[in-house]
Amino acid sequence: MEPIPILKARRIVLGVTGGIAAYKVADLASKLTQGGAQVDVVMTAAATRFVTPLTFQALTGRPVWTDLWTPTSETALPHVVLGEAAELVVIAPATADFIAKMAHGLADDLLSTLCLSTRAPILIAPAMDAGMWAHPATQENIGRLRARGVEVAGPVYGRMASGLEGWGRMVEPLELLGHIRRILGRKGPLAGKRVVVTAGPTYEPIDPVRFVGNRSSGKQGFALAQAALDRGAEVVLIAGPVTLETPIGARRIDVGTAAEMAEAVWRECEEADVLLMAAAVADYRPAHAQPLKIKKGTGLTLELVSTADILAGVAAHRARHGKPQVVVGFAAETGDLLESAQAKLQAKGLDLIAANDVTEPGAGFAVETNRITLIDARGRVEPLPLMSKAAVAEVILDRVVELLKEKEA
Ligand SMILES: Cc1cc2nc3c(=O)[nH]c(=O)nc-3n(C[C@H](O)[C@H](O)[C@H](O)COP(=O)(O)O)c2cc1C
C-alpha cells in the first residue's frame with residue numbers, strides 16, 4: 001500500500017474492545033500505519049483475550065496500551081496524554097459493553113477514561129450479536145452517543161461468528177478507513193465546496209443486449225472523488241457502468257448512457273464549485289436503438305450520431321452563472337497528444353486538462369497507474385511521471401485548490 005497523504009503523520013488512537021472482530025482491526029492498524037498515520041493502540045482487557053498486544057505493536061511499530069495503572073517511562077497519565085494528542089479516536093470493534101460504558105460516562109479502564117478526557121472526534125464501529133445490537137438498551141446507548149456527536153459506522157447485515165445472520169457485523173476495515181479519511185479531511189481546503197466528479201464509460205444501446213462502450217474502468221475518476229473527499233469537499237460522483245466501491249462520503253449517481261450522464265452533470269453542476277470530467281463519455285451513439293434483440297445472421301450496419309457535448313453545456317451555464325468556478329477536463333488520446341489536449345482546453349474553456357496517451361504502457365484504461373500531462377489555461381505544460389491513479393488524483397486536486405484560490409482572490 002502506498003502512503004495516503006491525508007493520513008501522513010496524523011495521530012490516531014485505535015481503541016480495541018473485546019469482540020471477535022478484533023482480528024480484523026489488526027488489518028486496519030496495518031493499513032493506517034502503511035498509509036502514514038501514527039497509530040496508538042489502546043486495548044481493553046477483554047480485547048487482549050482475542051488478539052495479543054504484540055500483534056498491534058508489531059503492525060504499528062509503537063507501544064500498545066492496555067493498563068490505566070502501569071506508568072511507563074513515556075507517561076504516567078496515558079489516558080490524558082494519548083487523548084490530548086489524538087486527532088481522532090477510533091473504537092473498533094466497539095462491544096455492547098463498551099458502548100454502554102461510553103453512553104454513561106464510565107471510566108474504569110484506560111480506553112473508557114481516554115474517551116472522556118479527549119476532545120478529539122470519536123468514531124465507533126459496533127460489532128456484536130444481532131440480539132445484542134437490537135436490544136433497547138444498546139439502541140438507547142447508541143442514540144445517546146450519536147446525540148453527543150460520536151460517529152457510528154455500521155454495523156452491517158451479514159453472517160456473524162455465531163453462524164447466525166443479522167445486523168451486527170462490523171464494517172470492513174477498508175470501509176472504516178474511508179470513514180477515517182472523511183473525518184480527518186473535514187476541515188480541509190475544500191471544506192464547504194461542492195465537487196462533481198464523473199467517472200467510467202457510457203454504454204450506448206444497440207438493442208436490449210448490445211451496446212457501444214469503451215474501455216474506461218472508472219478508476220481515475222473514483223480516485224479523484226476520494227482525493228476531493230480527503231480535502232473536505234462535498235462530493236457528487238456521477239458514475240457510468242462500473243462496479244467500483246463508492247468512496248465513503250461521496251453521493252453517487254449511476255448513469256448508463258451519454259444522455260443520462262449529460263443530464264446528471266448539468267443538473268449537479270448548477271450549484272457546483274468544481275467539475276472534474278474524468279468519464280469517458282461516448283462521442284457517438286447508435287442512431288436507433290432496436291427495441292428487440294437483433295437476430296444473428298441478419299447482418300448489421302450501425303448508423304451512429306453524435307452525443308450531446310456535455311462540456312459545451314457546462315461552459316454555457318458557467319458563462320451565465322459563474323459556476324462551476326473550476327472545470328477540469330481529461331483527454332485520452334492515441335497520438336498528437338498535446339495538440340489535441342490544448343485544442344480541447346481552449347474549445348471547452350477549461351481551466352486545466354489532464355492529457356494521457358492511452359497507448360503508452362502503464363497509462364490509460366483499466367491499469368492502476370497513469371502517465372499524464374497537465375496543461376492549464378495559461379499554457380503551462382507539466383508532464384508527470386508514471387504514477388498511481390491515486391497519486392495523479394492528489395496532484396490534480398492540489399491544482400484545483402490553487403485554481404479556486406486564484407479565482408476567489
Ligand atoms: C468468544 C466471545 C466473543 C465475543 N464477541 C463479542 C462481540 O462481538 N461483541 C460484543 O459486544 N461482545 C462480545 N463478547 C462479550 C464481551 O467480550 C464482553 O462483554 C466483555 O466484557 C467486553 O469487554 P470490553 O467492552 O471491556 O472490551 C464476546 C465474548 C466472547 C467470550
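The values are calculated or read from the model by the stated rules, or taken from the named source; none is laboratory data. Computed from a predicted structure; not experimentally measured. Every residue, glycine as well, gets a Cβ built from its backbone with ideal geometry; the counts of neighbours run over all protein chains shown.
Quick look at the numbers
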quantity: Residue check for residue 345: outside any loop (DSSP other than H, G, I, E, B), modelled with pLDDT under 90 and among the aliphatic types (A, V, I, L, M); calculated: no
quantity: Residue 356 being buried (at least 16 other Cβ atoms within 10 Å of the Cβ), in contact with a Phe, Trp or Tyr (Cβ under 8 Å, 6 or more places away or on another chain) and not β-branched (Val, Ile, Thr); calculated: yes
quantity: Among the residues listed as 156, 152, 171, the single one being buried (at least 17 other Cβ atoms within 10 Å of the Cβ) and either more than 16 Å from the ligand (Cβ to nearest atom) or more than 17 Å from residue 100 (Cβ to Cβ) (or both); calculated: 171
quantity: Region 242-254, residues that are out of contact with any strand residue (DSSP E or B) (no Cβ under 6 Å at 6 or more places or on another chain) and at negative phi; calculated: 242, 243, 244, 245, 247, 248
quantity: Enumeration of residues in region 247-260 that are within 16 Å of residue 201 (Cα to Cα) and surrounded by fewer than 19 Cβ atoms within 10 Å (Cβ to Cβ); calculated: 252, 253, 254, 256, 259, 260
quantity: Subset of region 90-121 (residues that are away from the ligand (no atom under 15 Å from the Cβ), touching a strand residue (DSSP E or B) at 6+ places or on another chain (Cβ under 7 Å) and not polar (S, T, N, Q)); calculated: 120, 121
quantity: Selection from region 186-197 of residues that are buried (at least 22 other Cβ atoms within 10 Å of the Cβ) and outside any loop (DSSP other than H, G, I, E, B); calculated: 195, 196, 197
quantity: Residue in region 212-231 that is modelled with pLDDT of 95 or more, in contact with a Ser or Thr (Cβ under 8 Å, 6 or more places away or on another chain), buried (at least 24 other Cβ atoms within 10 Å of the Cβ) and closer than 20 Å to residue 304 by Cβ present; calculated: no
quantity: Search result, residues across region 122-149 that are assigned to a loop (DSSP other than H, G, I, E, B) and within 13 Å of the ligand (Cβ to nearest atom); calculated: 127, 128, 129, 135
quantity: Region 304-320, residues that are in contact with a helix residue (DSSP H, G or I) (Cβ under 8 Å, 6 or more places away or on another chain) and of a type in the set (Gly, Ala, Ser); calculated: 308, 312, 313, 315
quantity: Residue 407 within 24 Å of residue 229 (Cβ to Cβ), surrounded by fewer than 14 Cβ atoms within 10 Å (Cβ to Cβ) and of a type in the set (Lys, Arg); calculated: yes
quantity: Residue within region 174-197 that is over 30 Å from residue 300 (Cα atoms), among the aliphatic types (A, V, I, L, M) and in contact with a Ser or Thr (Cβ under 9 Å, 6 or more places away or on another chain) present; calculated: no
quantity: Strands (runs of 3 or more DSSP E) within region 264-336 that include 2 or more residues without any contact (Cβ under 8 Å) to a residue 24 or more places away in the chain; calculated: 304-306
